[in-house]
Amino acid sequence: MSVIVRIKKKFSFLFRWFSKKDRMKIGIYGPPNAGKTTLANRILRDWTGDVMGSVSDVPHETRRARLREGVKIEVDGKSVILDIVDTPGLATKIDFHDFLKYGMSEEEAKRRAKEATEGVIEAIKWLDDLDGVLMVMDATEDPYTQVNVTIIGNIEARGLPLLIVANKIDLPNASPARIKAAFPQHPVVPISALKGLNIDTLYREIAERFG
Amino acid sequence: MEGVQLNLISKDRLDKMGSMEKIRMILDEVKRGKIVVLESGLTPEEEAKLIELTMLEIDHENFVGIEVESYPQKSKGFFGKLFGGSGGRLTVIGPANRLKTLQKSDEFIEALVSIDR
């Protein structure tokens with residue numbers, strides 16, 4: 001990469017600051033089943049009374065990115081208008097056999113696997129069109145996955161503001177501390193998107209970081 | 001002798017290759033069942049491109065994807081960020097049905113390579 005291109009990329013945050021938009025396009029990223037759509041639904045329900053999409057225990061339930069425009073979040077006198085993109089879960093492998101365990105027919109499982117691969121590509125493409133990222137991780141899982149490392153590396157390389165959401169803290173074996181230790185350079189907000197635990201802290205951080 | 005072939009690619013060789021050349025080489029070798037070890041790894045952008053191409057090549061029969069093992073990027077100083085190269089760290093890539101992560105931390109990775117596919 002030429003030095004000029006590198007300089008342009010590294011100072012992208014400055015360009016963004018000078019050309020500050022009145023609304024930010026925020027992507028919700030993470031591995032499958034981290035709770036991305038549950039979080040998107042929580043945000044939309046709290047601020048628009050609507051929902052983004054269906055959720056399921058079967059991985060790769062979201063296989064197309066969904067965009068919801070003009071979500072206004074207001075906390076402590078600060079407000080931010082977001083265009084929220086709920087992206088399909090990122091993965092390095094997709095095996096249709098994994099879906100058979102959920103009672104699907106082989107044909108249905110293969111179709112879901114194919115759509116899931118397309119969803120991963122779409123999620124990666126969206127990275128070029130965002131102003132910030134909410135990275136959702138399952139706090140009960142090991143955070144050192146390749147998907148997490150790759151997404152965070154790409155967000156850092158693009159100079160996008162990032163907020164890590166340590167989700168599922170309502171579960172007994174959740175450990176947001178493990179996520180904080182794995183990615184100490186980024187703010188981590190522990191929440192339960194399902195139960196709404198600590199969600200006000202997340203909204204405050206969103207208004208602070210993306211506003 | 002039965003076993004799994006490991007291709008260990010030096011930093012010098014990787015530095016001479018373009019991004020697509022590296023990614024193509026990795027995917028071709030992994031699809032043949034080999035494990036590829038990169039001394040200096042890939043940039044985050046190259047990793048994302050590798051995932052994209054992997055998704056395109058999954059055929060749901062013989063190739064279901066890849067397993068990648070690498071460490072998080074070390075944060076570099078201001079000038080390191082501006083003028084530094086890829087800065088990638090040791091990376092191991094293999095077929096998802098052959099390479100499995102057992103344990104991973106910031107400084108240590110334990111993985112299992114199976115002979116049966």
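Readers should treat all values here as calculations from the given coordinates under stated rules, not as data from a laboratory. The model shown is predicted, which means the values in this text are computed figures rather than measured ones. So basically every Cβ, Gly included, is an ideal-geometry build from the backbone, and we count neighbours across all protein chains shown.
Spin-label model, A:K72/A:D46: points 7 Å from Cα along the beta carbon direction are separated by 1.8 nm.
Sorted from greatest to least, the principal axis extents spanned by the alpha carbons of the stretch A:80-144 come out as 44, 26, 20 Å.
About its Cα centre, the dipole of chain A is roughly 740 debye, where the only charges are +1 on Lys and Arg Cβ and -1 on Asp and Glu Cβ. Each of B:S10 and B:F108 was given a label point 7 Å from its Cα along the Cα-to-Cβ line. The distance between the two points is 3.1 nm. Ranking B:G41, B:G65, B:N97 by Cα position along the charge dipole of the stretch B:6-113, where only Lys, Arg, Asp and Glu carry charges on their C-beta atoms, puts B:G41 farthest toward the positive end.
Nearest 5 percent is fine: what portion of the DSSP beta bridges confined to the protein assembly as shown is antiparallel?
Counting only bridges with both partners in the protein assembly as shown, antiparallel ones make up about 50 percent.
Going 7 Å from the Cα of A:Q185 toward and past its Cβ, which residues in the stretch A:133-153 have a backbone nitrogen under 15 Å from where you end up? Answer for the stretch A:133-153: A:148-153. Shown for B:F108, B:F63, A:F96: other C-beta atoms within 10 Å of each C-beta, ranked fewest to most, produce the order B:F108, B:F63, A:F96.
Please rank A:W126, A:W47, fewest neighbouring Cβ atoms within 10 Å first, as an exposure proxy.
A:W47, A:W126
Exposure proxy shown here: for A:T62, B:T101, the number of other Cβ atoms within 10 Å sets the order, fewest to most, as B:T101, A:T62.
Counting 0.36 nm for each residue step from B:R89 to B:E2 and taking away their Cα separation leaves a gain of 28.3 nm.
In chain A, the DSSP-assigned H stretches of four residues or longer account for a calculated mean residue ellipticity at 222 nm of -12000 deg cm²/dmol, using -39500 (n - 2.57) per stretch and the full residue count as denominator.
Note on A:145-152: average number of Cβ atoms from other chains within 10 Å of each residue's Cβ is 6. Between A:L171 and A:S105, the modelled labels are 3.2 nm apart [label points 7 Å from Cα along Cα→Cβ]. Computed over the Cα atoms of the protein assembly as shown, pair by distinct pair, the Kirkwood hydrodynamic radius stands at 20.7 angstrom. If you take all C-alpha pairs in the stretch A:21-210, what percent of them are over 27 Å apart? The calculated P(r) of the stretch A:21-210 puts 24 percent of pairs beyond 27 Å. GNM remark for chain A: springs join alpha carbons under 10 Å apart, and the peak mean-square fluctuation among A:D86, A:D95, A:D76 falls on A:D76.
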